[in-house]
Amino acid sequence: MCPSCTGDVVNGNNGHIPPTTNGHVNGANGFGPHTPHNPRRQPFASLGDFLSNVSNFKIIESTLREGEQFANAFFDTETKIKIARALDAFGVEYIELTSPASSEQSRKDCEIICNLGLKAKILTHVRCHMDDARVAVETGVDGLDIVIGTSPQLMQHSHGKSMDYIRDTALEVKALPKDSAKSWK
């Protein structure tokens, strides 16, 4: 953060900022003036400090879900295990898997990866449907990514459900993990 915003003394000028910098010293990285900011404006760091908020975000790594959604793409069980272990060793906090409700093999793979003892939390992407959620919970995943289309087009032409139905079903599915034997954090 710049000294004029923190009240620090600037380069022995008794706290005065050289007039050519429009009230702010060159950025701490020396790349020139930055936009004046008010630290009370937001609870995080200034907009000029792009890396200071990284600890507030969690990354969901989806190679083992998205990676199989392309034509002719397929990971066998051993490849999935190698990828999951590599992601865990790298420090990924959340690994997202294909829905175990999509096939018996996906269910088995999900269960195997959940039992590897990884530090990463295992998530799976499931439709907002109790049957899909139950299958996922039974595999031992740490969390569910629940999906249901809410656009007018999908409500009319895909699943035909109303917003009231979607809300009620989502609340029911969301409660399932809390009711399961596994502790969900």
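Only the coordinates and a few stated rules stand behind these numbers; no lab work does. Note that this is a predicted model, so its numbers are computed, not measured. Methodologically, a virtual Cβ is constructed for each residue, glycine included, from the backbone with ideal geometry; neighbour enumeration extends over all protein chains shown.
Counting other beta carbons within 10 Å of each residue's own, what order do Ile81, Ile148 fall into, fewest first?
Ile81, Ile148
Taking the number of other C-beta atoms within 10 Å as the exposure measure, put Tyr165, Tyr94 in order starting with the fewest.
Listing Tyr165, Tyr94 from fewest to most nearby Cβ atoms yields Tyr165, Tyr94.
Please give the length that would be gained between Ser158 and Ile60 if that part of the chain were fully extended, namely 0.36 nm times their separation in residues minus their C-alpha to C-alpha distance (nm, one decimal).
32.6 nm
In nanometres, what is the gap between the two model label sites at Phe75 and Ser151, each 7 Å from Cα along Cα-to-Cβ?
That separation, rounded to one decimal, is 2.7 nm.
With a cut-off of 8 Å between alpha carbons and a minimum separation of six or more residues, what is the relative contact order of the stretch 58-179 in percent?
21
Express the relative contact order of the stretch 120-181 as a whole percentage, based on alpha carbon pairs under 8 Å and six or more residues apart in sequence.
37
By how many nm would the segment from Lys108 to Lys174 grow when fully extended, if each residue of separation counts as 0.36 nm and the alpha-carbon distance is taken off?
Roughly 21.5 nm would be gained on extension.
Please compute the Cα-Cα pair-distance distribution of the stretch 76-146 with 5 Å bins starting at 0, giving whole percents from short to long.
3, 20, 32, 25, 14, 6, 1
Taking the mean number of other Cβ atoms within 10 Å as a proxy for protection, how do you rank 127-140, 150-163 from highest to lowest?
127-140, 150-163
How far, in nm, would the chain grow between Leu116 and Lys82 when pulled straight, counting 0.36 nm per residue and subtracting the alpha carbon separation?
Extra length from Leu116 to Lys82 when fully extended: 11.2 nm.
Under 37 °C and 0.692 mPa s, how fast does the stretch 58-179 diffuse according to Stokes-Einstein, given a Kirkwood radius computed over C-alpha pairs? Answer in µm²/s, whole number.
217
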